[in-house]
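Structure record follows, encoded as structure tokens.
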Number of protein chains: 2
Amino acid sequence: MTTQGIGTNVVTQIAIVVKDIDKVSEAWSKVFGLPKPTPIIAGGEDANAVYRGKPTNAQAKLAFFNLGQVALELIEPLGGDSVWQEVLDQKGEGVHHIAFNIKGTDEVTATLAGHGIPMIQQGEYTGGMYTYVDGEPVLKVVLELLENF
Amino acid sequence: MTTQGIGTNVVTQIAIVVKDIDKVSEAWSKVFGLPKPTPIIAGGEDANAVYRGKPTNAQAKLAFFNLGQVALELIEPLGGDSVWQEVLDQKGEGVHHIAFNIKGTDEVTATLAGHGIPMIQQGEYTGGMYTYVDGEPVLKVVLELLENF
């Protein structure tokens, strides 16, 4: 881990926020000839999530498609305070973030904060934790940091 | 090539439209510890490009970063009618499209049109041709089809 970078440059997810995950999943499945995934529910109490400094139990439906090295992630926010709901309300449907698998979330988020890229949401999932950082002003896209334990 | 899919599901580029490619390149270089690329100029007369049914000589500066299987492409429109200028004017900076390397542009674009995903811009580059299709209504993102000859 250098103090400069985030320890990787390999993007692992492209995420799109949508209003109707069933409809958009159906379209991706048809257009790319890929199996239609069954959405999973993310978030809720078990995620111990923090959104802009405050605890949140916000949930979202997620569906993943295999695009090679990268997974396409569709996200349908289910209400509550979250980056997912925020972007849907403010900008509508579209690409929300790109994700990187990292090690040392605290160190990496501190490094990014030093580059003017602050944390906006953090939470847990089975086997790991995720952190969204606001790369929009500097990199022109939100980043998600995924750390699997 | 199936009549259903586009013959591949491997994404090869994630493209972000920006106002100042030098500034944003500098940020990506610093944050990821990657070499800062020298931008290239794309478009112009040699591209024989068509934007929404009309010829265009629009140009853009492009810069590429290696994110593993995927290249991050930064695009600074230099004026003229193009999807790049259109999205910058209408939505501002941010992710514009994801790209796939395909074979048989005419067949693939016909297939996509059948899925409600029409062509919006097409042009040439040294050794190949590109086609943008408006995946926003259906897939929630614009796609670029790259065919190298």
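The values are calculated or read from the model by the stated rules, or taken from the named source; none is laboratory data. All values derive from a computational prediction rather than experimental measurement. Because the Cβ atoms are built from the backbone with ideal geometry, glycine has one as well, and the counts that use them run over all protein chains shown. Side chains are part of the model used for accessible areas, which takes the heavy atoms of the whole protein and leaves out ligands, DNA and RNA. Shrake-Rupley method; radii C 1.70, N 1.55, O 1.52, S 1.80 Å.
Which of the residues spanning the stretch A:39-68 are crowded, with 21+ Cβ neighbours inside 10 Å and over 16 Å from the mean Cα position of the chain (by Cα)?
Matches in the stretch A:39-68: A:L67 only.
Residues A:A71, A:A113: which one is surrounded by fewer than 21 Cβ atoms within 10 Å (Cβ to Cβ), free of Cβ contacts under 8 Å to residues at least 24 places away in the same chain and over 15 Å from A:G43 (Cα atoms)?
Going through A:A71, A:A113 in turn, the sole match is A:A113.
Just the residues that are within 14 Å of chain B (Cβ to nearest Cβ), without any contact (Cβ under 8 Å) to a residue 60 or more places away in the chain and open to solvent by 60 Å² or more (accessible area, probe 1.4 Å), please, taken from the stretch A:84-110.
Answer for the stretch A:84-110, where residues must be within 14 Å of chain B (Cβ to nearest Cβ), without any contact (Cβ under 8 Å) to a residue 60 or more places away in the chain and open to solvent by 60 Å² or more (accessible area, probe 1.4 Å): A:Q90, A:K91, A:A110.
Which of the numbered conditions does A:V138 fail, given that it passes all the others? Conditions: (1) touching a Gly at 6+ places or on another chain (Cβ under 6 Å); (2) free of Cβ contacts under 8 Å to residues at least 24 places away in the same chain; (3) more than 23 Å from B:A63 (Cα to Cα).
(3)
Let me confirm something: among B:P35, B:P55, which residue is part of a loop (DSSP other than H, G, I, E, B) and without any contact (Cβ under 8 Å) to a residue 12 or more places away in the chain?
B:P35
Just need a number here: residues in the stretch A:10-32 that are within 9 Å of another protein chain (Cβ to nearest Cβ) and closer than 17 Å to A:N66 by Cβ.
Here the count works out to 11.
When A:L143 is evaluated against the numbered criteria (1) assigned to a strand (DSSP E or B); (2) closer than 21 Å to A:P39 by Cβ; (3) of a type outside the set (S, T, N, Q), which criterion, by number, is the only one it fails?
(2)
How many residues does the stretch A:13-28 contain that are under 11 Å from A:L72 (Cβ atoms) and open to solvent by 20 Å² or more (accessible area, probe 1.4 Å)?
1
What's the number of the condition B:G53 fails, among (1) among the small types (G, A, S); (2) away from chain A (no Cβ under 14 Å); (3) within 26 Å of A:I98 (Cβ to Cβ)?
Of everything listed in (1) among the small types (G, A, S); (2) away from chain A (no Cβ under 14 Å); (3) within 26 Å of A:I98 (Cβ to Cβ), B:G53 misses just condition (3).
Name the residue that is farthest from A:E26 (Cα to Cα), counting only residues in the stretch A:58-104 that are among the aromatic types (F, W, Y) and part of a strand (DSSP E or B).
Filtering first and then ranking leaves A:F100.
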